[in-house]
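In what follows, a structure is listed as structure tokens, so that the remarks can point back to it.
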Amino acid sequence: MSDMLSTGVSGLLAFQKALATVSHNIANANTPGYSRQSVHLATNPAEPTGGGWIGNGVSSTTVTRAYNGFLVGQTLSASSSYNQFDTVSNLASSLNNLFGDSSTGLSATLQGFSQAVQTMANAPSQTTARQAVLNQAQTLISQFKSYESSLHSLDNQIGTQLGTEASTITSLAKNIASLNQQISAAQASMQQPPNDLMDQRDQLISQLAGHINVNTVTQSDGSINVYIGNGQSLVVGTSAMTLAAGSDTFNSGQMRLSVLTSNGAVDVTQSLSGGTVGGLLQFQEQMLQPAHNVLGQAAATLANLVNTQNAAGLDQSGAIGGPLLAVGGVRVLTSDTNQGSANVAGVIGDFTTLNANDGILRYDGTQWSLADATSGKSQALTASTSGGTTTLTGGGLVLTVTGAAQAGDRFLVQPLSQAVSGLTLLTTDPAKLAAAAPVATGAGATNTGTGAIDGGTVPTTTTWVRGNYTVQFTSPSTYTIKDASGATVVANGSYTDGATINFRGIQVVISGAPATGDSFAVNDNANGTGDNRNALKLAGLLNQKVFAGGTQSVADLVNAYVGTVGLQTSQAQNGATAQQNLLTSAQTAQQGVSGVNLDEEAANMLKLQQAYQAAAQVIKISDSLFQSLINAF
């Protein structure tokens, strides 16, 4: 009878634990991260008898949770990818709206300036038309500065968010390490997995994956190690590292992320991906920094083209045109790890070959090298030293190095980071716009040949000797050039149909068949107030092919960038939608294994209730048999 009683008690206790576990499942059906638990039952060892082995009931061996590591890994990966795409999508939309607006966007602003110059070209003598150009130039400057201000706001926003993300990730890592300690201790003392603690830890890891891509490795003591980037430890057992945000070594304002270890800070920025952090870094590198560069390149190149073309014409007073726009200069920052005393300054030498990206200038103890800070591609440098100053030329830059550099010294060269901040209009006088060409040409009224002369050009007004000149043909194949005083400038020039004639900084082309005695005037155009030839060239500057080996204009550069931003925004939005669907699918699959099904739990409860009642009935019958036996004696 005692065997029957103990067997009934074992069933009663086992089913009691099973019922308690089902109740626990039902109570946590809506708890985030909870995994359904199950009691595992096993038959107690039987006792041998002459009539065979007699069973001794049942016992609960362990309580396990419904867990599938593969599905959990899929969910973590999908969560990380979705949050990265979603972050980029939200930030890209603001950038796309900034530059892509048809009325206030970058392309529209540049076209507004070009149209104002074209209007002036149609009426070069009208002060109102000239004033409209200056007004539009000021509008252009204000718009550029507004764009730059918005970009700096995004810079600050990203810096703040990265700082917040670093703090959040560090906090999650510490909580995971704390749970590792509790889980290891509980498992060591009870030799059973503490399921609820493990669920809490998995939930923290899931939250961590929303901020950054993670890889996990489970240890034999039940703890989990967490790694980020290219295998950099974030959590090892019960120890958690600190992820910190700070400026780069050049103090440029660009935010970097480092893991603080016992051996010092390890910069992991370039290796991080996934989650909100990955999205912030991707947007910063692939969209925001290029936006700064393109804006600076457009401003600096346009200013250079405008100033160069204005200097190629004459203003309303007949003077050679002066510079109209100024831009900020090249910025060079010194690494705080430099050991030498060298200083580096720079200017833009050639806008057409300028690399708009930032560059890293290094000294190896013997030679200087310049590499693109984004791609790492090297830029060819030509070095020359004179009087203790080293001049480095390459990548469209001219850099001067003074002082003594040490091997390993580095400098961050930013060709265009200050271009827009220094963009200013240098004159408020509309008469300073050089609408007229420097020279005026014409054929002699008594010419008898078929020769014709073009309008003439002055490639560089700094070498132009101003004056009135006459090209006199002494034969159909020879000519002389004299100035207004009759002094000979060119004697016995050889004429070739359509060939350029150069003298005193002037270029003219005569074509056709001039006759002996024919003459052509090449005069200073100081009084050409109605001339619009230089104004027409000013109006066409946006379409002047100056980039990519003479195949791309400022307008092309801007339009290509605006198109790229639109494409990147669309890709980010589509990617976010696709990744959200993948995340939902992965979560559904995981919940199908780990989630609590209330209908299933209700059925289990009924089944276990009946088993519990049956075990109680066994105990009752056992008690009745004992009573009968006692009464018989």
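The values are calculated or read from the model by the stated rules, or taken from the named source; none is laboratory data. Nothing here was measured: the structure is a model prediction, and the numbers come from that model. Neighbour counts are summed over all protein chains in view; Cβ atoms, including those assigned to glycine, are modelled from backbone coordinates with ideal geometry.
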Worksheet, complete the sentence: From the option list ASP524, ASP518, single residue qualifying as under 60 Å from the mean Cα position of the chain (by Cα) and among the acidic types (Asp, Glu) is ASP524
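Listed here are the residues, each with its yes/no results for (1) in the same structural domain as HIS152 (by TED's automatic domain parsing); (2) surrounded by 21 or more Cβ atoms within 10 Å (Cβ to Cβ).
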position	(1), (2)
GLY275	yes, yes
GLY313	no, yes
ILE320	no, no
ASN355	no, yes
Fill in: Check on GLY540, at pLDDT 90 or above, among the small types (Gly, Ala, Ser) and surrounded by fewer than 18 Cβ atoms within 10 Å (Cβ to Cβ)
yes
Discussion item. Kindly evaluate ALA419 against the criterion of being of a type outside the set (Asp, Glu), in contact (Cβ under 8 Å) with a residue 60 or more places away in the chain, assigned to a loop (DSSP other than H, G, I, E, B) and over 22 Å from ASN525 (Cα atoms).
Written reply: yes
Practice prompt. Spot the failing condition for PRO514; the list is (1) closer than 28 Å to THR308 by Cα; (2) in contact with a strand residue (DSSP E or B) (Cβ under 6 Å, 6 or more places away or on another chain); (3) outside any strand (DSSP E or B), and only one is missed.
Written response: (1)
Worksheet item: Conditions: (1) surrounded by fewer than 18 Cβ atoms within 10 Å (Cβ to Cβ); (2) at pLDDT below 90; (3) not basic (Lys, Arg). GLY57 meets all but one. Number of the miss?
Response: (1)
Fill in: Elements of type strands (runs of 3 or more DSSP E) contained in the range 1-109, each with 2 or more residues being touching a helix residue (DSSP H, G or I) at 6+ places or on another chain (Cβ under 6 Å) and not β-branched (Val, Ile, Thr)
37-43, 58-65
Worksheet, complete the sentence: Of (1) part of a helix (DSSP H, G or I); (2) assigned by TED's automatic domain parsing to the domain that holds SER477; (3) not aromatic (Phe, Trp, Tyr), ALA431 satisfies every one except (2)
Fill in: Residue check, THR457 in contact (Cβ under 8 Å) with a residue 40 or more places away in the chain and out of contact with any Asp or Glu (no Cβ under 8 Å at 6 or more places or on another chain)
yes
